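To start, the structure under review is shown below, and the notes come after it.
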Amino acid sequence: MKTITLLGSTGSIGTQTLDIVANNPDKFRIVGLAAGNNVELLAAQIRQFRPSIAAICAEEKLPALKEAIADLDPQPILLAGDAGIVEVARYGDAETVVTGIVGCAGLLPTIAAIEAGKDIALANKETLIAGGPVVLPLIEKHGIKLLPADSEHSAIFQCLQGVPKGGLRKIILTASGGAFRDWPTEKLAEVTVADALKHPNWSMGRKITVDSATLMNKGLEVIEAHFLFGLDYKDIEIVIHPQSIIHSLIELQDTSVLAQLGWPDMRLPLLYAISWPERIYTNWERLDLVTAGNLTFREPDHKKYPCMQLAYAVGKAGGSMPAVLNAANEQAVALFLSETISYLDIARCIEWVCDRFSSDNLSNPSLDDILAADQWARQEVLTVSKNLESHPQIISLR
Ligand SMILES: NC(=O)c1ccc[n+]([C@@H]2O[C@H](COP(=O)([O-])OP(=O)(O)OC[C@H]3O[C@@H](n4cnc5c(N)ncnc54)[C@H](OP(=O)(O)O)[C@@H]3O)[C@@H](O)[C@H]2O)c1
């Protein structure tokens, strides 16, 4: 029986993780749950999974949460606010913490979980992208395992099982191409929020679906792969694979290439992240290659999707730059989702902010430096977004 705490329990990752737990009650037990705002769903989850502790980030919702589960006996510890989420992350006998919070809001709870000696099943890629220089040494210090739950990184991790140290030569990340893969570049100026939220293959939260449409998601995954697997950026490649059947590939020193295949279903990488190194039987639809049909590949179009190159440049710059890129992206996507800026302005804002920061970049940032860079970038995007006409597209990262 593995004990699990789930952060972001009401989201896409969270509900899929709970689906796995509900179907394997003899294998997993929930110790803690944490959510942002959705008090009704969190209350229903507490009722079903009976955690010892739960927290809601929106402090004003705590009374409603208490009322919704007032009849339960025993009562879980109920907390609220950022401090409540951190407490859930570090609490009790949970062996693994699944990080399904969206955005850099996941960073401090993840650090708390690592410091409490818990293994991390990492879905919340923003944590590692922004906090890599601080998170990686902490993982080393506390001897915990960082198990990738992002489908591409899970695929790489699965392929790597049994590969000897030094055997890995290249990582090839597959990308579906997002909502606009078949749109001509000229039409991108007309994109609406509803268009960007129509992912062709995956059903996910709003922010990551927009990241998939700009292909920033793939750029973020390049940085995530660098931190997880230690390869240079020149050895991490992207290939467009519209069917999302091959979830990523590795090339070994002798040119042998290994791939992991499956239907696009996040439950599989989530299950592996919480059951590793075991393989648990499931009754999910088996992959049938004939039904899957043709698997095709093409080169990514960097002109149409400038965010990928931005991410490579930022990753190579290192230090706090990935935190700046990540925060600028979060803020720009939020402005796009509220229809304040256009789709094309997302990349424009991020690029402008990263370019302004590059001269102040610190090579070995502390947690405070990272949090300060994050706040600075969000504020810069808000400022730049009000005056975009005077900020031309630049692509000039140093
Ligand atoms: N969805 C996927 O298939 C997928 C695949 C790969 C990687 N990921 C990564 O997994 C993470 C979650 O993505 P998602 O698609 O599951 O997002 P989502 O559906 O938007 O869910 C986000 C979750 O985070 C919670 N949350 C937001 N802010 C919070 C805060 N400050 N404190 C505590 N909880 C907070 C939300 O709570 P409320 O809803 O209650 O407000 C919700 O439970 C992201 O980093 C994403 O990149 C997702």
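For TRP183, no residue whose modelled amide H falls within less than 5 Å of its own remains once neighbours fewer than 5 places apart on the same chain are excluded.
Here the range 69-134 is assigned +1 on the Cβ of each Lys and Arg and -1 on the Cβ of each Asp and Glu. Its dipole about the Cα centre then comes out at about 280 debye. Each of GLN16, VAL86, THR174 was placed along the dipole of the chain (beta-carbon charges, centred on the mean Cα), and the one lying farthest toward the positive end is THR174.
Rounded to the nearest Hz, the phi-derived 3J(HN,Hα) couplings of the range 274-287 under the Karplus curve 6.51 cos²θ - 1.76 cosθ + 1.60 (θ = phi - 60°) are 9, 10, 3, x, 6, 10, 9, 5, 10, 9, 5, 4, 6, 6, where x marks glycine and proline. Shape of the range 121-216 from its Cα gyration tensor (a ≥ b ≥ c, root eigenvalues): rounded if a/c is under 1.5, otherwise prolate when a/b > b/c, or oblate? It is prolate, given that a/c is not under 1.5 and a/b is the larger ratio. Amide H to amide H distances under 5 Å link ALA121 with VAL97, VAL98, THR99, LEU147, where only residues 5 or more positions off or on other chains count and H is placed in the peptide plane.
In this structure the amide hydrogen of THR3, modeled in the peptide plane, comes within under 5 Å of the amide hydrogens of ARG29, GLU95, THR96, none closer than 5 places in sequence on its chain. Here the Karplus relation 6.51 cos²θ - 1.76 cosθ + 1.60, evaluated at θ = phi - 60°, turns the backbone of the range 132-146 into coupling constants of x, x, 9, 5, 4, x, 5, 4, 4, 4, 8, x, 9, 9, 10 Hz, with x for every Gly and Pro.
For the pair LEU337 and VAL193 in one chain, pulling the backbone fully straight at 0.36 nm per residue adds 51.2 nm over the alpha carbon distance. Charges were assigned to the Cβ only: +1 to each Lys and Arg, -1 to each Asp and Glu. The resulting dipole of the chain about its Cα centre is roughly 520 debye. Fewest neighbouring Cβ atoms within 10 Å first, the residues LEU62, LEU228 line up as LEU62, LEU228. Ordering THR255, THR209, THR15, THR110 from the fewest to the most neighbouring beta carbons within 10 Å gives THR255, THR15, THR209, THR110. From the alpha carbon centroid of the range 1-76 to that of the range 261-318 is 28 Å.
Considering only GLN75, ASN37, ILE280, the residue lying farthest towards the positive end of the dipole of the chain is ILE280, judged by Cα position with unit charges set on Cβ.
Computed from phi, the 3J(HN,Hα) profile of the range 325-332 under the Karplus parametrisation 6.51, -1.76, 1.60 (θ = phi - 60°) reads 4, 4, 5, 4, 5, 4, 5, 5 Hz, with x in place of Gly and Pro. Along the charge dipole of the chain, Cβ charges K/R +1 and D/E -1, which of PRO269, SER256, CYS307 sits furthest on the positive end? Among PRO269, SER256, CYS307, the one farthest towards the positive end of the dipole of the chain is SER256. Taking 29 Å as the straight-line reach from the Cα of LYS386, the lysines in range (excluding those fewer than 8 positions away in the same chain) are LYS125, LYS187, LYS198, LYS207, LYS218, LYS303, LYS304.
Over 19 Å, how big is the tail of the calculated P(r) for the range 2-140, in percent of all Cα pairs? Result: 44 percent of Cα pairs exceed 19 Å. As a proxy for reagent exposure, THR291, THR10, THR5 were ordered by neighbouring Cβ count within 10 angstrom, fewest first; the result is THR291, THR10, THR5. Once you divide the Cα radius of gyration of the chain by 2.2 N^0.38 Å, the number left is 0.96. Estimated from the Cβ-Cβ distance and a Förster radius of 51 angstrom, the FRET efficiency linking TYR281 and LYS303 is about 0.65.
Think of it as helices only: each DSSP H run of n ≥ 4 in the chain is worth -39500 (n - 2.57), and spread over all residues that comes to -13500 deg cm²/dmol at 222 nm. With the largest listed first and rounded to whole Å, the semi-axes of the equivalent ellipsoid of the range 1-74 from the Cα gyration tensor are 20, 14, 9. In plain terms, the chain from THR15 to ALA70 could stretch by 17.5 nm, reckoned as 0.36 nm per residue minus the Cα-Cα distance.
Applying a DSSP loop filter and a limit of 12 other Cβ atoms within 10 Å to the chymotrypsin sites (Phe, Trp or Tyr not before Pro) in the range 286-359 leaves PHE297.
You can think of it this way: the chain between VAL257 and VAL239 has 5.1 nm of extra reach, that is 0.36 nm per residue less the Cα-Cα gap.
FYI, it's all coordinate maths here, none of it is from the lab. This structure is a prediction, so every number in the text was calculated from the model and none was measured. Positions of Cβ are generated from backbone atoms using ideal geometry, with glycine treated the same way; all protein chains shown enter the neighbour counts.
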